[in-house]
Amino acid sequence: MLELKHISFAVNDTEEKEIVKDLNLTVEDGKFVVITGPNGGGKSTMAKLIAGIEKPTEGQILLDGEDITNLSITERAKRGIGYAFQQPVKFKGIRVFDLLKIASGQSITMKEACSYLSEVGLCAKDYIEREVNGSLSGGELKRIEIATVLARKTKLSVFDEPEAGIDLWSFQNLVRIFEKMQKETRDSSILVISHQERILNIADEIVVLSGGEIERMGTREEVLPRILGTDAAVDACAKLSDGRN
C-alpha cells in the first residue's frame, strides 16, 4: 500500500512556486488508480515524487508502512516501485533482451524474455535482439518499457501519460495491456497519469488533480460522470460496473 501524507513540492525560480500542495492519497494493494486533471495541475510531478525523481519539500511517502520519503530511485525500485516515463528512454548498444534481463534483476532465459514481449503484443523474434534505440517507434518503445515493468514484477507500477507520442493502433494495444494488468492485479497496484477516457474507463479509482490539489477522488462510477458531465457517461459507467461484478 502506498500512502502520501501531507505532501507538498515547491520550486524556487525567481520566486517560490508550490506545484503540489498538502496532498493526501492512499493507493491500496490490488487497485488500478488513474490520476487525471488539467495540464499543469501537478500530475507528472506527483508521479516523480512517488518514484523518487523529485523529493517533497514537506510530508511523508510510505510504502507498506515504511517511510521511503528520503530513499533514492534505486532504493525505491528495490522495494518494488516501477516507473514508466512519458517518453521512454533509449539505450544505444543495449538489446531488448539485455534490458529485460536488467529489469528482472536476475538471470532470465530467452524464452522468459520473449514471454514478456508477447504479453505486450510484440512478436518476440522480431524484437528480442534489437537495440533499444531510435530505430524503434514511439509505440514500440512504450510497449518494450511496459514489458520491463512486467519483468520487474513491481509492487507499484507508475505510468506517466503512457499514451503520449503513440499512434492510435499502439494506443488501442496499450489499453488492452492495461485491461489485462487490471484484471490480473492482486498484490500489486497500478497508478496511471492520463487524460484518456478509455483508460479512465478501466480504473478502479480516479483522482482529479488541479492546481496541485486533489479536487475530487472516488470510484470510477462516482468520478467519471462528473468529469464527462453527461447522462450517457453515467449509463456507461453503470454498464461497465455491471459487467465487472
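Taken together, the values in this text are just the output of simple stated rules run on the coordinates, not laboratory data. Because the structure is a prediction, the values reported are computed rather than measured. We place every Cβ from the backbone using ideal geometry, glycine too, and count neighbours over all the protein chains shown.
Remarks
- Computed extension gain for LEU168 through GLU215, at 0.36 nm per residue and net of the alpha carbon distance, reaches 13.9 nm.
- Rg/Rh, computed from the Cα trace of the stretch 2-244 with Rh as the Kirkwood radius, has the value 0.97.
- D (Stokes-Einstein, µm²/s), Kirkwood Cα radius, the stretch 1-140, 1.567 mPa s at 4 °C: 74 µm²/s
- Here the label points at ASN133 and SER72, each 7 Å from Cα along the C-beta direction, are separated by 2.9 nm in the simple model.
- Top of THR69, THR219, THR148 by mean-square fluctuation, Gaussian network on the chain, Cα under 10 Å: THR219
- Vicinal HN-Hα couplings computed from phi for the stretch 78-90 (Karplus, 6.51 cos²θ - 1.76 cosθ + 1.60; Hz; Gly/Pro x): 5, 8, x, 9, x, 9, 10, 6, 4, 10, x, 6, 9
- Environment charge at THR36 (Cβ cut-off 13 Å; Lys +1, Arg +1, Asp -1, Glu -1): -1
- Proximity of backbone amide H atoms, modeled 1.01 Å from N, is registered between VAL192 and VAL33, VAL34, ILE35, PHE159 at under 5 Å, excluding neighbours fewer than 5 places apart on the same chain.
- Model label points for GLU222 and ARG198, set 7 angstrom from Cα along the Cα-to-Cβ axis, are 2.8 nm apart.
- Listed by chain and number, the lysines placed with their C-alpha closer than 18 angstrom to that of LYS55 are LYS5, LYS17, LYS21, LYS43, LYS78; residues fewer than eight positions away on the same chain are left out.
- Summed side-chain charge close to GLY105 - residues other than GLY105 whose Cβ falls under 15 Å, Lys, Arg +1, Asp, Glu -1: +4
- Sites SER107 and ASN24 - FRET efficiency at Förster radius 41 Å, r taken between beta-carbons, to 0.05: 0.50
- Positive minus negative residues near ILE81 (Lys, Arg vs Asp, Glu; Cβ under 10 Å): +4
- Sorted fewest first by neighbouring Cβ atoms within 10 angstrom, HIS195, HIS6 come out as HIS6, HIS195.
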